[in-house]
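Notes for the one structure printed next.
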Amino acid sequence: MSAKWLLGIIVPVLFLACSALGQVNELSVTAGRTFVSTQTILNDPLSTNPHIHFGNEETIAFNYARLLKGGKFLGFHAELPVVIYPRMDLNTGLNQIPKDIGALFVTPSFRMNLFSGDSVTPWVSAGGGYGRFRYAKEANYGYGTYIGPGGSNTGVVQFGAGLDVWVWHHWGFRVEARDFYSGNPYLNAIAGEPINTSNSRQHNYYVGAGIAHRF
């Protein structure tokens, strides 16, 4: 998936948002952690620890949104969630995977707010877009060289929910939880054989809190 492909997703959504009447811009920044469930390795020859464990990585999320249609009860937004976790430690019984990975998710989405005209407004979101995984050059346990690629691309589906509390003029607090459902990272064995796991795709659960601003 190239940069042109990514722009092909983002630009139409932003164009649609900017063409609507009576819109309100919104920016938010939250910080939290991403959680990935343990995966079982299907072709572990030793079966000493046939699982890949993922650390709960610190994560930062940015969001731009624009109001498409608002009312006293429901508000509809086009939004662009961007989530980054720079380094997530990996652990398994064999020294055959990178010691850590990083990820970037960019998922143009649509969001529906309940009680959008009030100071407390819960919301749900859904969309999809692009993901990029980065792989450490060192192998698991920090010795040896990981011979797999330096990174890989993936399609991502995003589902989320959250709560905004507007406390002072156009400033508020946000808590959010999102699932970035991506392809699996490409984890290649030192011997050159790919690692097969019990999952064909991966849930990246992000939970965070931060600030939001309307303008």
* Roughly speaking, what is the stretch gain from residue 173 to residue 115, that is 0.36 nm per residue apart minus the C-alpha to C-alpha distance, in nm to one decimal? -> 19.3 nm
* What FRET efficiency would be calculated for the residue pair residue 126, residue 58, taking the C-beta separation as r and a Förster radius of 22 Å, to the nearest 0.05? -> 0.30
* So, in nm, how far is label residue 95 from label residue 161 when the simple model puts each one 7 Å beyond its Cα toward the Cβ? -> 4.5
* Asked: With θ set to phi - 60° and the Karplus curve 6.51 cos²θ - 1.76 cosθ + 1.60, what are the ³J(HN,Hα) couplings of region 144-157 in order, to the nearest whole Hz, using x for Gly and Pro?
  -> x, 10, 6, 9, x, x, x, x, 8, 9, 7, x, 9, 10
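Bear in mind these aren't lab numbers, they're just calculated from the coordinates by the rules spelled out. Quick caveat, the model's predicted, so the values are computed rather than measured. Quick reminder, even Gly has a Cβ in these numbers, built from the backbone with ideal geometry, and neighbours come from all protein chains shown.
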